[in-house]
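Taken together, the values in this text are just the output of simple stated rules run on the coordinates, not laboratory data. Given the structure is predicted, the values throughout are model-derived calculations rather than measurements. Positions of Cβ are backbone-derived with ideal geometry, glycine not excepted, and every protein chain shown enters the neighbour counts.
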Amino acid sequence: MAMRMRQSLAQLEQEFRQEVQLDRSRRETLRRHAVRRSRVRSHERDIRRSSMRYWMLILSLVATAVVVTIAMFETLYQLLS
């Protein structure tokens, strides 16, 4: 009976060690996935921001060109009248 109990206890300890090892590997895998997701989200955010900045630059250049053109023609009209 005592021998059988020792085997059972040893088996339980071994199973516990295996479970701990599996748990560690699962945690490490989850951590790596979280880091990868974070990098991807950060990269997508950077792309979105840079795209928005690009369109704001284009809009400001077009608006500047329109304002300068209107001011130039108004000044020309004032000078010729």
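Can you tell me which of 76, 12, 80 is loosely packed, with under 10 Cβ neighbours inside 10 Å and more than 42 Å from the chain's Cα centre (by Cα)?
Residue meeting the stated conditions: 80.
Looking for something in a helix (DSSP H, G or I) and more than 22 Å from the chain's Cα centre (by Cα) - is there at least one such residue anywhere in segment 40-55?
no
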